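See structure below.
The values are calculated or read from the model by the stated rules, or taken from the named source; none is laboratory data. As the structure is a prediction and not an experimental result, all values here were calculated from the model. Every residue, glycine among them, receives a Cβ derived from its backbone with ideal geometry; neighbour counts consider all protein chains shown.
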Amino acid sequence: MLLCSLAMYLFSNVSLNSPLLLVGIASGLSGMGMSIFMAPNTSSIMGSAGRQHYGIVSAFLNLTRNGAHIVGIAIPTAIVVSVMAGLGYEADLSDTEKLKDLGLRTAYASAMARAFQLSTVLMVFTVLLVILGGIRGRFGNQSIRPESEIG
């Protein structure tokens, strides 16, 4: 997840003048981060479910993943449309003639940067949750007693 967070941060700094290498590195980090995180995460979830529940847990995991993908597209789209509208541009990039407008391209890059900034914050928050969950899982069963109670 740290690699994905770094990728989102890099994406949030892409501008019209950014080298394509930056986009390539960010894409590579994103893909590598997701592949490193998702397999162990899925394995951990399935392992804690028990064999008799694999079917339902697998279905629920896929449902959750699908829902996250939908929300992960809808929210950044809303951000891009809102930011571009706030800058006085319609979020329509379908016409190649419109793409010649430097202001439109700059507004789009700025809007995408905002969307990636939100993604960066959410991913860093997720990293913290994963770390805290791991610490809690490792040490959660141990109770801390005052020294006066230790024999």
**Asked** Has the stretch 37-48 got at least one residue that is part of a helix (DSSP H, G or I), touching a helix residue (DSSP H, G or I) at 6+ places or on another chain (Cβ under 7 Å) and either at pLDDT 90 or above or more than 19 Å from ALA68 (Cα to Cα) (or both)?
**Response** no
**Positions within the stretch 95-134 being of a type in the set (Ser, Thr, Tyr) and under 16 Å from LEU2 (Cβ atoms), in sequence order** = SER119, THR120, THR126
**Complete:** Of ASN17, ASN13, the only residue that is loosely packed, with under 10 Cβ neighbours inside 10 Å, over 14 Å from the mean Cα position of the chain (by Cα) and under 22 Å from ALA107 (Cα atoms) is ASN17
**Request:** Please enumerate the residues belonging to the stretch 56-115 that are closer than 25 Å to ALA26 by Cα and of a type in the set (Lys, Arg).
**Result:** ARG65, ARG105, ARG114
**Prompt:** If we scan the stretch 130-140, do we find a residue that is at pLDDT 90 or above and surrounded by 11 or more Cβ atoms within 10 Å (Cβ to Cβ)?
**Reply:** no
**Request:** Out of ILE70, ILE25, report the one residue that is loosely packed, with under 11 Cβ neighbours inside 10 Å, part of a helix (DSSP H, G or I) and modelled with pLDDT of 95 or more.
**Result:** ILE70
